[in-house]
Structures are given as C-alpha cells and as structure tokens.
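The values are calculated or read from the model by the stated rules, or taken from the named source; none is laboratory data. Since we're looking at a predicted model, the values are computed, not measured. Backbone-built Cβ (ideal geometry, glycine too); neighbour counts: all protein chains shown.
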Amino acid sequence: MSSASAKRLYSTLVILLRYLLLMKTTPRTLLQLAPRTANLETQSGFTLIELLIVMSIMLIIMAFAVPQMLKLKKSANEDSAIQTMHTIDSAEQSYNTAYPGSGYGCPLSTLGGDPKSGAPSAQASQLIDPALATSGQKSGYTFTVTCGTKITVSNQDVYTSYQVTGIPQTVGKTGDRGYCSDENNIIKFDPAGGTNCTQTIQ
C-alpha cells in the first residue's frame, strides 16, 4: 500500500470513528427509540457491535501509527548520530593540535573528562560531553574511536590516524545505518547497520 493510500485510509477511519462517537450525542436508531412499553425509556450507551467497530478502528489506526512513529524515531536517531560523528571528528582535530606529542586521541574516553576534575590533559582533554566519552552511547547509537597507524617519537607513540564508528544499538529499531569516519573527516555509512561503510553521505 502506497503512502498516499495509507493516509486516505487513515483519514477515513478517523472520520468514521468521529461519526460513531457523534452518534452518542444524537437520538438513537428508530429501533431503539421505539418503546417496548408505553413507559419504557429510550435505551442509551454503546451496543456491543458499536464497541467492536470502535475497537477495530482503533487497532487499525494503531497499526498505521506505530510503524510511522518508529520510522520517525529512527530517522531522528540517525540525524543525531551524524551530528555526533561530526562532533567527534572536530574534537579529534582539536586534540591533535593541542597534543601533538600524542597525535589523535584514542580511545573515545581521551576526548572527555570532567571539567571540575582539573585542567584538560592528553588523557582527559574535555573536548566532548563526558557522558558520551564514558559510555560511548547517545540517541540509540554506540560510538567507538579506534587507534590507527602510529609512529614513535622520543619513545612515545604518536597516532597519525584513527577511525570513528557509530552503529545502532538495535539495528532496525534504534537505527538502520552504521556510520564511519576517520582523520579525513568524510562520513560514510553502511546500509546494513554495521561498519562496512562504503557509501558517502550526500
């Protein structure tokens, strides 16, 4: 069923549901209005059939609404993941400038740190949200920074590359795409939700 057809059916069901509810504020059917005795009052309230119809309509509406809500949530998570990838990439460039003796920062925790604990350092540069740096999780995605190639200068490792990955915590539920980036600051994605990122974000 196309999106346009689904919207038309959804609108029709809503109108029907409103009509049934409106019927409760107007005179009932002639059958209900006809008294069984001269003094019998008019019946009121929903009939069993009406209740079944209303419940069926509500279930159908939910069947359309819930998947759409999940789709919107996944889309929002993916937009957030892309923004977080940009944030981490930017932090890596700042780290590389601030600590040339270390190169790029890895793992992810080196980009975090609590500002209340003291001045920034190579181990806690305070460049990103401490919660993200500690847990690696945000908006349904898990982020990881992996060390790349390195050189040794004065007996100290200097990392000249890195890789950032962001994958859904539950593929198909919290997101569909997996994201990857590196020192070149080009974010690519894996449609399957993994780290085999071959397609560039347009």
For this session: Write out, first by first residue and then by second, each pair whose Cβ atoms fall under 8 Å of each other, whose residues are 6+ apart or on separate chains, and whose first residue, in region 190-202, is under 17 Å from Pro168 (Cα atoms) while the second is among the hydroxyl-bearing types (Ser, Thr, Tyr) and in a loop (DSSP other than H, G, I, E, B).
Result: Asp190/Thr198
For this session: Kindly indicate whether any position in region 165-174 is without any contact (Cβ under 8 Å) to a residue 60 or more places away in the chain, over 14 Å from the mean Cα position of the chain (by Cα) and exposed (fewer than 15 other Cβ atoms within 10 Å of the Cβ).
Result: no
For this session: Find the residue count for region 175-189, including only residues that are surrounded by 15 or more Cβ atoms within 10 Å (Cβ to Cβ), in contact (Cβ under 8 Å) with a residue 60 or more places away in the chain and of a type outside the set (A, V, I, L, M).
Result: 6
Exercise. Going by the structure shown, is Val145 in contact with a Pro (Cβ under 6 Å, 6 or more places away or on another chain) and closer than 19 Å to Ser94 by Cα?
Worked result: yes
Exercise. Hey, does region 102-120 have a residue that's touching a strand residue (DSSP E or B) at 6+ places or on another chain (Cβ under 9 Å), in contact (Cβ under 8 Å) with a residue 12 or more places away in the chain and of a type in the set (D, E, K, R)?
Worked result: no
Exercise. Inside region 77-95, can you point out the residues that are of a type outside the set (Ser, Thr, Tyr) and free of Cβ contacts under 8 Å to residues at least 60 places away in the same chain?
Worked result: Asp79, Gln83, Ala91
Seminar exercise, completed: Taking region 93-124 and keeping residues in a loop (DSSP other than H, G, I, E, B), farther than 18 Å from Asn184 by Cα and of a type outside the set (Gly, Ala, Ser) leaves Tyr99, Asp114, Pro120, Gln123
Problem set entry | Neighbours by Cβ (under 7 Å, 6+ apart or cross-chain): first from region 121-145, over 13 Å from Ala98 (Cβ atoms) and at pLDDT 95 or above; second of a type in the set (Lys, Arg) and in a strand (DSSP E or B) | Leu132/Lys138
For this session: State whether the residues of region 34-51 include one that is modelled with pLDDT of 60 or more, of a type in the set (S, T, N, Q) and not in a helix (DSSP H, G or I).
Result: yes
